[in-house]
Amino acid sequence: MNKQEVINLDNQNYLQVFSRNQIVLDHGEGPYVYDIEGKKYIDFLAGIAVNVLGHNHDKLVEAISSQAKKLIHCSNLYYTEPQACLAATLTKLSGLDRAFVGNSGAEANEGALKLARKYGKTIADNKVEVIAANNSFHGRTLTTLTATGQPKYQKGYEPLPGGFKHIPFNDIKALEEAISDRTCAVFLEPIQGEGGVNMPDENYLKEVRALCDKYQALLILDEIQTGMGRTGTMFAFEQYGIVPDVVTLAKGLAGGVPIGAFIASQKVADAFSFGDHGSTFGGNPLACSAANAVFKAIEEENLVDNARQMGDYLNAKLNELKEKYPNIITEVRGKGLLAAAELTCAGSGIVTKCLEKGAIINCTAVNKLRFVPPLNINKNHIDEVIDILDDVLASEEI
Ligand SMILES: *Cc1c(COP(=O)(O)O)cnc(C)c1O
């Protein structure tokens, strides 16, 4: 099929919920993707922070292919080695005790929230409230869009599940006023990704942790975007001197194969008994072997260190653009390879122009350009994107 045939066929048949860029992607190699007409793009969106090893990574491809020949799926009525190994890796790296594997980020959060409700009820029947933050993003199921502190994702889906409260992110006073003995969990992204790469102050999460402890509320961290080494440590929480009670992962966890996971301390996990949660596909050997390969590659290729070093370089380069175009870029922020440049204008035009010139970036929260490239990029790849962005910004200025 040619490009237009694919676009027409999709437009006629796919549910119309995505306003797509007008290209048809065909294959990828490292940090590059190629469209169906053979045009090459440097990919600094990486499937929205998913392709942490880039495209066509040999170890990931090999793990998936060899597992596919053995066993793709068998249900959770049986043990498999890939699932047991993945659970052991997740508990070891997080410092927590019990992992559950599902199929997406929303599902991981849904499981974490179900666990928090059960746990709250072991303390008091009315300990059911969840406090989340404005401008957060936690997924698209009814409960996770209710936790998501952005009305645009909730509009039209009322009645929403009850028991959720929202407070401004990075405002400890607001949490102090909202939290009570009825709170079963405080649910936060350590750095808000989709909301615009919003950073917490140095001590915010420590103060949140202390308030949670005071009220016997769980601290659930959504590291679906910040996890897997992206911010320069395996989990972002490591850089804020705290440990959550529950943490969720998805996006980069299996390098592009659908997966999600939540990991809890023993004390919290004890609130679940046999039959209290489950999944048909979740934790299948194919997805788990992909995740195991991702963890192995991250370790063997020092990708957490690379994310930190390349993140510093990307930040410096974006700041140079900010100096050069002060009328367009007002702020550069982020940690590791989760970075944003805040603009004085909407970002969609710039994203489209970058795409035409062969760079895939993304705009979130209207005016924040977001950069979430694979973790194995080098300085040349960053220079390539920065040069294209420089050209585009120069044309915007006139
Ligand atoms: C992407 C994302 C989700 C939702 O993940 P899905 O796999 O799309 O359900 C939840 N939380 C955060 C922080 C995310 O970035």
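All of the numbers you see were taken from the coordinates with simple rules; none came from a lab. Model, not experiment: these values are computed from the prediction. No Cβ is skipped: glycine too gets one built from the backbone with ideal geometry, and neighbour counts run over all protein chains shown.
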Note to self: Largest first and in whole Å, what are the equivalent-ellipsoid semi-axes of region 1-42 based on the Cα gyration tensor, each being the root of 5 times an eigenvalue?
What the structure shows: 21, 12, 7
Next item on the list: Could you state, as a whole-number percent, how many of the C-alpha pairs of region 83-192 are farther apart than 24 Å?
Entry: 30 percent
Notebook entry, point to check: Short version: ³J(HN,Hα) in whole Hz for each residue of region 228-238, in order, from phi by Karplus 6.51 cos²θ - 1.76 cosθ + 1.60 (θ = phi - 60°), x for Gly and Pro, what are they?
Noted result: 6, x, 4, 8, x, 9, 4, 10, 5, 4, 4
Next item on the list: Arrange the peptides 240-251, 201-212, 133-144 so that the one whose residues have, on average, the most other Cβ atoms within 10 Å appears first.
Entry: 240-251, 133-144, 201-212
Item checked: Nearest 10 degrees, 0 to 90: helix 204-214 Cα axis against the chain principal axis -> 10 degrees
Item checked: Pair-distance profile P(r), taking every C-alpha pair of the chain, with 10 angstrom steps and integer % -> 5, 22, 31, 27, 12, 2, 0
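If I take R0 = 56 Å and measure r between the Cβ atoms of Lys165 and Asn11 in this structure, what FRET efficiency does the formula 1/(1 + (r/R0)^6) give, to the nearest 0.05?
Between Lys165 and Asn11 the formula returns 0.90.
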Margin query: Need one number: nm distance between label points at Lys214 and Leu71, each 7 Å from Cα along Cα→Cβ, rounded to one decimal.
Written below: 5.0 nm
Next item on the list: Label region 1-95 by shape, choosing from rounded, prolate and oblate, from the square roots a ≥ b ≥ c of the eigenvalues of the Cα gyration tensor; if a/c is under 1.5 it is rounded, and otherwise prolate applies when a/b is larger than b/c, oblate when it is not.
Entry: prolate
Notebook entry, point to check: Which value in Å is the Kirkwood Rh of region 191-280 over different Cα pairs?
Noted result: 14.4 Å
Notebook entry, point to check: How much length is gained if the chain between Asn380 and Glu29 is pulled fully straight, taking 0.36 nm per residue apart and subtracting their Cα-Cα distance, in nm to one decimal?
Noted result: 124.8 nm
Item checked: Pairwise label distance in nanometres, Glu397 with Ser279, each label 7 Å out on the Cα-Cβ vector -> 4.8 nm
Next item on the list: Using a 10 Å cut-off on Cβ atoms, rank the peptides 266-272, 230-236 from the highest mean neighbour count down.
Entry: 230-236, 266-272
Margin query: Under the rule a/c < 1.5 gives rounded, and otherwise a/b versus b/c splits prolate from oblate, where does region 43-121 land using the Cα gyration tensor?
Written below: oblate
Note to self: Compute the helix-to-body angle for 285-300: its Cα long axis versus the longest principal axis of the chain, expressed 0 to 90° and rounded to tens.
What the structure shows: 70 degrees
Check: Among rounded, prolate and oblate, which fits region 70-114 when a ≥ b ≥ c are the square roots of the eigenvalues of its C-alpha gyration tensor, a/c under 1.5 means rounded, and a/b larger than b/c means prolate?
Finding: oblate
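With both bridge residues required to lie in the chain, what share of the DSSP beta bridges run antiparallel, to the nearest 5%? Intermediate values should be presented prior to the final figure.
Values: 31 of 50 bridges.
Here the antiparallel bridges make up roughly 60 percent for the chain.
Which entries in Lys59/Lys379; Lys324/Lys357; Lys59/Lys114 show an alpha-carbon gap greater than 32 Å?
On the way: Lys59/Lys379 23 Å; Lys324/Lys357 20 Å; Lys59/Lys114 35 Å.
Over 32 Å Cα-Cα: Lys59/Lys114.
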